[in-house]
1. Go through segment B:187-236 and report how many residues are loosely packed, with under 15 Cβ neighbours inside 10 Å and aliphatic (A, V, I, L, M).
2. Answer yes or no: is there a residue in segment A:202-219 that is aliphatic (A, V, I, L, M) and free of Cβ contacts under 8 Å to residues at least 12 places away in the same chain.
3. From the set of residues in segment A:603-618 that are closer than 26 Å to A:Q378 by Cβ and surrounded by fewer than 17 Cβ atoms within 10 Å (Cβ to Cβ), which is farthest from the ligand (Cβ to nearest atom)?
4. Got a number for residues in segment A:566-578 being more than 12 Å from the ligand (Cβ to nearest atom) and either of a type in the set (K, R) or outside any helix (DSSP H, G or I) (or both)?
5. Quick one: how many residues across segment A:236-278 are under 27 Å from A:E586 (Cβ atoms) and of a type outside the set (K, R)?
6. So is A:V265 more than 14 Å from the ligand (Cβ to nearest atom), farther than 16 Å from A:S347 by Cα and within 18 Å of the chain's Cα centre (by Cα) or not?
7. Applying the selection to segment A:585-597, what residues are near the ligand (Cβ under 9 Å from one of its atoms) and out of contact with any Asp or Glu (no Cβ under 7 Å at 6 or more places or on another chain)?
Amino acid sequence: MNYTEKLNQLLKRVEKPGRYIGGEINSVKKNPADVDARFAFCFPDLYEIGMSYLGMQILYKTLNDREKIYCERVFAPGVDMEALMREENMPLMTLETKTPLGEMDFVGFTLQYEMSYTTVLNMMDLAQLPLKAADRAASEKEYPLVVAGGPCALNPEPLADFIDMFFIGDGEVVLPAVVELYGECRKKGMSREEFYREACKMDGVYIPSLYDVTYNEDGTIKELCKLYDWAPMPVRRAIIENIEELPFPTNPIVPFVEAVHDRSVVETFRGCTRGCRFCQAGMIYRPVRERSREKIMQLAMDNLHNTGNDELSLLSLSTSDYSQFEELCNELIPACKRENVSLSLPSLRIDKFAFDVLNKIQEYRKSGLTYAPEAGTQRLRDVINKGVTEADIYKSIEQALELGWTNIKLYFMIGLPTETDEDLDGIAEIARNIVDLNYKINGRKGGRFNVTVSVSNFVPKANTPFQWESQNTAEEFARKHNYLTDKLRMKHVTFNYHDNATSSFEAVFARGDRRCSELLLAAFRNGCKLDSWTEHFKPEGWEKAFADSRINRSFYTERKREFDEVLPWDIIDSGVSKKFLKLEAERAYNETTTHDCRHGCVGCGINRYVKCEMEGTL
Amino acid sequence: MNRYVLKFYKDGYVKYTSHLDLLRIFKRSFKKTGLALQYSQGFNPHPKMGFAQPLSLGYSSKCELIEFETAENHDPADILQKMKDVLPEGLEPVSCVRFESNIKSLAGEADSAEYVVWAPLPESAAADWNNDVLTGKISDYLAQTEITAMKRQKKTKKLAPVDIRKMIRGMQGMVVTDVEGRKALMLNLHLDCGSTSNLSPELVISTFLPFCSLDIERYDVEVERKTLKFVKNLQF
Ligand code: SF4
């Protein structure tokens with residue numbers, strides 16, 4: 001029985017077989033015999049999650065626009081499907097042509113969150129590939145090149161033993177270039193080393209096997225060194241200066257099984273100028289690069305027509321920071337009305353204009369309004385450089401209440417550097433003030449009204465001003481959760497918090513080094529996978545993995561690093577200078593803020609490589 | 001009123017899309033063609049569109065019917081062509097007709113359906129089977145006054161016994177051999193399929209195969225819907 005017949009059988013035995021069949025509207029069909037290189041784009045999570053992710057659709061299009069490349073998709077199978085695949089010894093295959101991954105030229109993973117790493121290993125294992133890059137290289141058999149990219153690749157080291165090549169930064173130019181180069185090198189009969197030598201001349205290409213790491217007795221890194229004199233050091237992040245003309249999917253695949261976000265999405269700009277000190281995205285996507293309003297409108301309308309979607313969303317790190325946001329809304333809102341399409345504007349900064357917009361687009365659903373003060377006191381908000389004042393918040397909430405909103409959501413982080421219980425009290429204070437505002441406006445019997453306070457645990461991330469910071473222990477987080485639960489026992493207030501276990505594992509990998517690969521391997525062997533799903537998350541498997549691999553968790557989580565310590569990700573140059581990050585850390589301790597660089601450059605260093613079009617525009 | 005019925009095949013991998021997913025695919029496809037559907041009135045307007053009878057996940061079909069209303073008048077041939085252009089592989093429109101009728105919905109008029117069931121014989125049993133044996137078994141099966149099948153109840157989700165005999169309108173069979181020489185039972189079933197009485201082929205499969213002392217995995221069995229019949233002798 002061949003794989004497709006077997007697949008046909010398995011599809012009758014699993015939940016949601018539509019996840020595994022491919023052939024959706026706008027998926028790409030090519031004859032594999034007609035191309036020079038075949039790329040399997042792997043999303044280390046279920047179909048419904050992966051299909052909502054714009055980055056995959058962008059790169060799928062970018063690669064398939066090249067005649068000689070065929071990019072296909074792969075997702076993590078559900079646990080029922082996985083069990084059957086293992087029982088029947090069926091390898092993981094691509095959706096488009098049902099080709100086992102082992103027969104592809106590239107197997108590429110996108111790394112969106114650290115908690116997907118075990119699923120990366122699990123998918124490689126299901127594809128019947130040796131997990132370690134060195135084992136694949138030493139084998140007689142020729143295996144695909146296993147590559148990875150995405151935001152987590154900015155600290156690639158915990159995966160360095162498994163991945164042959166990382167793509168750091170914007171992928172639209174470097175990824176197809178490397179895939180094409182691979183096709184050419186193979187035609188010319190060049191060796192893998194010769195291919196590597198050519199590939200790493202491009203910005204954004206990091207090949208871990210070209211480097212070695214030595215350690216000090218105390219476990220910190222002694223030196224990062226290159227093994228070949230032609231290897232770049234550090235590897236500079238790929239940055240595309242102008243995103244206006246980049247390929248953007250106006251013909252995205254329409255998922256068969258309803259995805260979490262089933263809607264058309266247009267990226268308005270990349271990057272953020274605000275400079276929140278905890279935020280990795282705000283640092284690693286610099287500088288801000290916008291698409292023109294005309295382009296955004298055209299992409300949006302084409303996309304809606306090609307997909308038949310009835311919802312449109314704009315994507316960026318901070319929707320309302322788009323320089324022509326008002327003009328864009330004034331054009332977009334009537335256009336969506338005409339097309340019978342609902343418009344959603346995530347991460348909107350709530351001001352007067354935003355209210356008008358929200359009033360227009362959510363006539364019937366005046367439900368939730370979201371604020372992210374992130375910290376409970378002005379002092380701590382200054383430390384993290386979150387430029388919101390309480391006065392701002394209350395003013396706009398007062399307006400919201402008057403306009404009939406009944407649901408306010410507040411997001412905070414706990415465990416931030418310099419945090420004390422006073423800052424936690426501040427969180428409760430804000431919630432109480434909002435409840436009081438509601439009483440003031442809507443009377444004592446103010447009707448249906450709710451404030452939801454969600455706190456997440458601070459995870460220090462690589463390439464941010466807080467990359468040297470200590471993370472709270474699980475006990476400390478638990479204590480703070482209890483403390484807040486107590487303080488937030490108020491009428492009309494709901495309190496939510498995130499699981500402690502995952503944030504500490506996440507923290508290990510966010511700043512981990514190559515030795516953490518053993519931890520990952522052990523966790524995978526203990527059956528950990530799909531860790532971001534509560535129903536699949538196995539904390540025991542992880543606990544045992546720490547014991548199995550003898551990785552000292554607190555070394556990675558709680559330990560405060562010295563400024564002069566060699567960091568695992570020093571091998572990567574994100575474009576933002578270490579000097580700037582240090583300066584920002586010091587300013588944080590001094591409770592000094594740094595302004596949004598649209599008011600003038602603050603010297604993050606990215607302009608050594610590219611022009612910042614938004615500098616000083618406000 | 002611009003009311004139409006589109007008939008399409010469902011075959012290949014796309015047979016693993018659920019009824020709800022198929023509704024979404026059609027909704028999107030209509031939007032993509034630019035054929036604007038008529039929307040219902042009211043607080044929560046939805047496009048006027050519906051399938052004549054849902055098809056179980058995993059079945060292929062030669063007779064899927066979707067009825068819909070468009071906002072403007074269109075040539076059915078034009079609709080057919082546009083839908084052919086946009087529907088994913090495996091969903092193949094074969095005809096489109098105008099449906100000027102005052103009946104409320106096709107679903108309300110559906111009455112019975114014909115299915116073909118293909119069940120590969122285990123090698124150990126293959127030699128015992130030929131057309132005569134099968135015909136004999138079928139008439140014995142149908143001769144029972146009651147055929148008790150276990151059916152999952154919609155509300156309680158529990159299995160409960162039901163008598164399905166009266167819902168089987170006809171049943172014939174043949175023993176066939178595929179290209180690789182594997183023998184299989186091919187059953188033609190004619191079953192109730194409407195709003196008042198509805199019998200899923202699953203219940204025939206799960207009673208007839210054990211009745212023949214055949215142990216065949218459900219996942220080896222293929223089912224295809226051949227025709228869907230209506231009370232008022234509507235034909236598409
Ligand atoms: S170089 Fe200056 S203007 Fe450019 S992103 Fe950095 S701080 Fe902003």
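The values are calculated or read from the model by the stated rules, or taken from the named source; none is laboratory data. These numbers come from a predicted model, not from an experiment. For neighbour counting, all protein chains shown are included, and Cβ atoms are generated from backbone atoms with ideal geometry for every residue, glycine included.
1. Number satisfying all stated conditions: 1.
2. no
3. Once the filter is applied, the top-ranked residue is A:L618.
4. Going through segment A:566-578 one residue at a time, the tally reaches 5.
5. Residues in segment A:236-278 being under 27 Å from A:E586 (Cβ atoms) and of a type outside the set (K, R): 7 in total.
6. Judged against the criteria, A:V265 is not a match.
7. A:D596
Residue by residue, here is whether (1) surrounded by 20 or more Cβ atoms within 10 Å (Cβ to Cβ); (2) assigned to a helix (DSSP H, G or I) holds:
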residue	(1), (2)
A:I49	yes, yes
A:G55	no, yes
A:Y60	yes, yes
A:E82	no, yes
A:M85	yes, yes
A:K98	no, no
